[in-house]
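Only one structure is covered here, and it is reproduced in the block below.
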Amino acid sequence: MSVWFTEDQVPGLRLSCRVSRVLHQEKTPFQHLAILETEVFGRVLTLDGIIQTTEHDEFIYHELIAHVAMCAHRGTLRRVLIIGGGDGGTMRQVLRHRQVTACHLVEIDERVVAVAREFLPALSAAMDDPRAKVIIADGIEYVRDVQEAYDLIIVDSTDPIGPAVGLFSADFYAGAHRALAVDGMCVAQTESAFHNARLVPAIFARMAGNFPIARLYLGAIPSYPGGPWSFTVGSKLYDPAEPVRPPPGDLRYYSPDVHRAAFALPPYVVQALAHPPS
Ligand code: AG3
């Protein structure tokens, strides 16, 4: 008998993967959390039935969300804030940059961190780095109240449903702008450019309303729905599309060529961005 995990990706579309073992599942105060062993993706972390990261394709998403902004940042890049990302995968990529002196990760659900530490050690080991600090708190409140200036804020959130909705709001991006140094940047995962054709331009317009430079880039993450996945960058000074800093060694997805190519947007996306829903 085979057991299948099925994700309802968008209304009318599902993705199923064969599960060899359910390694863990629980209901946390915030969400349903599971670690599945699958044939195709290796270990998979799901939250409320949505795939967040998988052993086999995490490098694509995590290298894309971290290294684009980091390699485009021309100034002093020492202090990085990650909102969400309790699995540690984004933090691991950030800490590959030697010049980073502090990486703070603000995760709302401490169980995500604990379970990632147990079942996804390759990602979560980054949290043991002396430059790393994990703060269990609501990212929206944290960014609103924080006094320190960061050089980069990375929003590695879940989809804009439930508690994460506020992480896609204009107020949140205004707070991120305030919490950044004069040459700071903010990058957020912003959903499928194909399936979320109305949401992506709306989010982009909110970022563009708060930062002098806003750019969108794409990458395909096999375990996420809809082909091109979008990331939105807000920048105070530097052009996010131009890689200037050499990337750390041993990457499997990111390269300066991939960086430049990720900003090449198909016309259907360009047109959508030009006409955000009012
Ligand atoms: N960040 C989640 C990206 C959104 C996935 N959405 C989806 N598959 N519908 C995950 C955290 C990884 N560090």
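Tabulated data
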item	result
Among 88, 267, 160 the positive-end extreme of the charge dipole of the chain (Cβ point charges)	267
Lys/Arg +1, Asp/Glu -1 at C-beta; the chain dipole; positive extreme among 255, 65, 278	255
HN-Hα J in Hz across segment 163-172 - Karplus 6.51, -1.76, 1.60, θ = phi - 60°, x for Gly and Pro	x, 7, 3, x, 6, 10, 8, 4, 4, 5
For segment 3-54: accessible area per residue (Å², 1.4 Å)	53
Size of charge dipole - the chain - debye, nearest 20, with Cβ of Lys, Arg +1 and Asp, Glu -1, no other charges	580
Low-density loop positions, GluC sites (Glu not before Pro), segment 120-196 - DSSP coil, at most 11 other Cβ in 10 Å	148
Charge sum, other residues only, whose C-beta stays under 15 Å from residue 88's C-beta, Lys/Arg counted +1 and Asp/Glu -1	-4
Radius of gyration and Dmax over the Cα atoms of the chain, both given in Å	17.6, 58
Relative contact order computed over segment 159-224 (Cα-Cα under 8 Å; 6+ residues apart), in percent	30
Per-residue ³J(HN,Hα) for segment 141-147, Karplus 6.51 cos²θ - 1.76 cosθ + 1.60, θ = phi - 60°, Hz, x for Gly and Pro	5, 4, 5, 5, 9, 5, 9
DSSP-assigned coil residues among GluC sites (Glu not before Pro) in segment 1-103, each with at most 12 further Cβ atoms within 10 Å	39
Positive dipole terminus of the chain, leading residue within 202, 180, 10 (C-beta point charges)	180
The chain, relative contact order in percent, only Cα pairs under 8 angstrom and at least six apart counted	17
Local electrostatic count at residue 234 - Lys and Arg +1, Asp and Glu -1, tallied over other residues with Cβ under 10 Å	+3
Beta bridges per DSSP with both ends in the chain, % antiparallel, nearest 5	65
The chain: calculated mean residue ellipticity at 222 nm from DSSP helix runs of at least 4, using -39500 (n - 2.57)	-7500 deg cm²/dmol
Kirkwood-Stokes translational diffusion coefficient of segment 150-277, alpha-carbon pairs, 37 °C, 0.692 mPa s, µm²/s	218
Point-charge dipole on Cβ atoms (K/R +1, D/E -1) for segment 165-278, about Cα centre, debye to 20	120
Contact order relative to length of segment 194-278, as percent, for alpha carbon pairs under 8 angstrom and 6 or more apart	36
Qualifying trypsin sites (Lys or Arg not before Pro) for segment 142-210 [loop in DSSP, other Cβ within 10 Å: at most 15]	198
Segment 3-54: C-alpha gyration tensor shape, a/c 1.5 cut-off, then a/b vs b/c	oblate
Beta bridge orientation in segment 149-278: antiparallel %, DSSP, nearest 5	75
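The values are calculated or read from the model by the stated rules, or taken from the named source; none is laboratory data. Fair warning: this is a prediction, and the values are worked out from it, not measured in the lab. A quick note on method: Cβ atoms are made from the backbone with ideal geometry, for glycine too, and the neighbour counts reach across all protein chains shown. Side chains included, ligands, DNA and RNA excluded: accessible areas come from the protein's heavy atoms. Shrake-Rupley method; radii C 1.70, N 1.55, O 1.52, S 1.80 Å.
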